[in-house]
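Structure, as structure tokens:
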Amino acid sequence: MIIALYVILAIIAVIILLAVIAPKSYNVSRSVVINKSIAEVFNYLKYIKNQDDWSPWKKKDPDMKQTFTGTDGEVGFISRWEGNKDVGVGEQELTGITENSSVESQLRFYKPWKSQSDAYITTREIDANTTEVVWGFTGVNKPPSNIFFLFFNMDKAVGKDFEEGLSDLKLILESK
């Protein structure tokens, strides 16, 4: 009986230790340079519905159900989706727009697991016909679920999707 108690206490201690050393937050981003003016790039990016043309997640489930609330391109617009296991169920709410600078949104995932992240797309003028776009998201890993991130590299997993999406975005905008 005493041995079982020590084993249980050891397991609890390991879980607490892992929760303490595991990452408490994440920030994943990628960038691309697009040969278009900042005004053209930003005007396309501020509309969430345009993400359907370049988002890697739309490719993973082209038949996902989507509903929209509000006016696209304005703070408060919400895009909801329900898709296959690759995209899950969630919503994206447009929370901030700074003209020719940034589009901010909150991502709320409900399935396959519940989480919330702050997403952003920033634009920076390199010259009159060249714009850098940075796409990323940040969030908090709450204990004890943050232990999962000791074994899962968010930057590597999601970063690959960001690179694919930005590559498609570049192709779309430069072909206009």
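Please treat every number below as a calculation from the coordinates, not as lab data. The model shown is predicted, which means the values in this text are computed figures rather than measured ones. In this analysis, Cβ positions are derived from the backbone assuming ideal geometry, glycine residues included, and neighbour counts consider all displayed protein chains.
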For the table K65/K156; K49/K114; K49/K111; K60/K111, the rows whose alpha-carbon distance is greater than 25 Å are K65/K156
For Kirkwood radius over Cα pairs in Å the list reads (i) 17.9; (ii) 16.1; (iii) 19.1; the calculated value is entry (i)
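Within 10 Å, Cβ to Cβ, of K111, how many net charges do the neighbouring residues add up to if Lys/Arg are +1 and Asp/Glu are -1? Each step should come with its number before you reach the end.
Working: positive: K85, K114; negative: E82.
Local charge sum for K111: +1.
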Long-range share for the stretch 89-165, i.e. C-alpha pairs more than 18 Å apart as a percent of all pairs, stands at 52 percent
In whole Hz, the Karplus estimates of ³J(HN,Hα) for the stretch 30-47 (6.51, -1.76, 1.60; θ = phi - 60°; x where Gly or Pro) are 9, 9, 8, 9, 10, 7, 8, 5, 4, 4, 5, 5, 5, 4, 6, 5, 6, 9
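Determine the dipole magnitude for the chain: charges of +1 sit on the beta-carbon of Lys and Arg, -1 on that of Asp and Glu, nothing else is charged, the reference point is the Cα centre, and the result goes in debye to the nearest 20. Walk me through the intermediate numbers first.
On the way: 20 positive and 23 negative charges, 143 e Å.
Computed charge dipole of the chain: roughly 680 debye.
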Dividing the mean separation of Cα pairs under 8 Å (6+ apart) by the residue count of the stretch 2-174 yields a relative contact order in percent of 31 percent
